[in-house]
Amino acid sequence: MSNIIKATHEGEITIGTANLKVAVLSNRKRIITQSAIFEAFGRPMRGSRSLADQDVPKLPGLIDAKNLKPFISNELYELIKVVEYEDLKGKRTDGYDATILPLICEVYVDARNAIKSNGTPVLTTKQMPNVFAAETVLRALAKVGIIGLVDEVTGYQEERDKNALQEFLSRFIKEQRGVYMPTYPDDFFEALFKMRGLNWSLANKGKKPQYFGHLLNNYVYERIGPKVLEELRRVSPKDEVTGKRKGKYTQYIDEKYGHPKLKDHLMILTAFAKAAGYNWNAWERMVNKALPKFGKDGSQIQELGFEEE
């Protein structure tokens, strides 16, 4: 049985008049087909010239000219490996790591800016159209990047976000209740009491209004990450008789990953309170702008910084 890697998602990136076929493989590698590399530059596909230096990887025909060699980075050399995979139709296809595309573009842009020792341009007149094509591609990739575009056109973005959400929740929340750890600093509750016009001395005696639980849900657990409150309610359900939960939410937050994030979040909320002069309305405006709630579908997952490498 063949061990060839299979594509899970496919699509086309449109840049100018070129439609570049791309794919995401089962190992999550983003691929651009060999032919698409040439299409991006408006050139017919051809093989590579044979190289005398056997230590140098075989270059795609688009950049195997001798005058381009000084501008090929080590990163590009490492990526010049043909990836054979099976597309969604079951056809064997050759491609490259998609990040090769902007690196090839940079070869032409760097070469265009270079001058020989005799004062003449490095590039030939025939190579100049490749420079214009390279600049078009780089402008198209400037905002999103090649990985983002591949994920968008193949539909992999939605699956990637779901994976990122599950990774975040599995790291942030524990299934089993842990030992209670004091997490909320006094200055956080002191700020809440001041903003709500309450006597802070009562807080020191553990007398917090019952509605404070709703405040914590709103300004902490619904804003620290997607579906955090939903998951905490799941792992610590209410007792049907007493109405009390199995344990405190903080007992279900991971000590190494979740608690540091929680402390940072509380620190920001407290700093906003001071900046707002302990005015509730001003504080709430700041929080809503800087720390908006996550939707129930986890739609703000991209703000967590879980981009795959």
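Bear in mind these aren't lab numbers, they're just calculated from the coordinates by the rules spelled out. Remember, predicted model here, so these are calculated numbers, not experimental data. Glycine also receives a Cβ, built like all others from the backbone with ideal geometry; neighbour counts cover every protein chain displayed.
Observations on the model:
- With a simple spin-label model that places each label point 7 Å from the Cα along the Cα-to-Cβ direction, the separation between residue 217 and residue 66 comes to 7.5 nm.
- Helix axis angle, 186-195 relative to the chain longest principal axis, alpha carbon, degrees: 70 degrees
- Kirkwood hydrodynamic radius of the chain, from inverse mean 1/r over distinct Cα pairs, in Å: 23.9 Å
- Cα centre as origin, Lys/Arg/Asp/Glu Cβ charges: the chain dipole, Debye: 940 debye
- Here the mean projected area of the convex hull built on the C-alpha positions of region 5-154 is 9.4 nm².
- Taking θ as phi - 60° and the Karplus parameters 6.51, -1.76 and 1.60, the scalar couplings of region 247-252 work out to x, 6, 4, 5, 6, 10 Hz in sequence order, x denoting glycine and proline.
- Folded to 0 to 90 degrees: helix 100-112 orientation relative to the chain principal axis, Cα: 60 degrees
- In order along region 5-18, the phi-based Karplus estimate (6.51 cos²θ - 1.76 cosθ + 1.60, θ = phi - 60°) of 3J(HN,Hα) comes to 6, 10, 7, 10, 9, 9, x, 10, 9, 9, 10, x, 9, 8 Hz; Gly and Pro are listed as x.
- Mean residue ellipticity (222 nm) of the chain, computed from DSSP H runs ≥ 4 via -39,500 (n - 2.57), nearest 500: -12000 deg cm²/dmol
- Sorted on the mean count of surrounding Cβ atoms within 10 Å across their residues, most packed first, peptides 228-235, 97-104, 74-81 read 97-104, 228-235, 74-81.
- When you work out D = kT/(6 pi eta Rh) for region 125-167 at 20 °C and 1.002 mPa s, using the Kirkwood radius from C-alpha pairs as Rh and the Stokes-Einstein form, the result is 175 µm²/s.
- Degrees, to the nearest 10: 258-275 long Cα axis against longest axis of the chain: 70 degrees
- Tensor-based shape of region 76-203 (alpha-carbon gyration tensor, a/c under 1.5 rounded, otherwise prolate or oblate): prolate
- By definition, a body whose alpha carbon gyration tensor gives a ≥ b ≥ c is oblate when a/c is 1.5 or more and a/b is not larger than b/c, and region 164-304 fits this oblate description.
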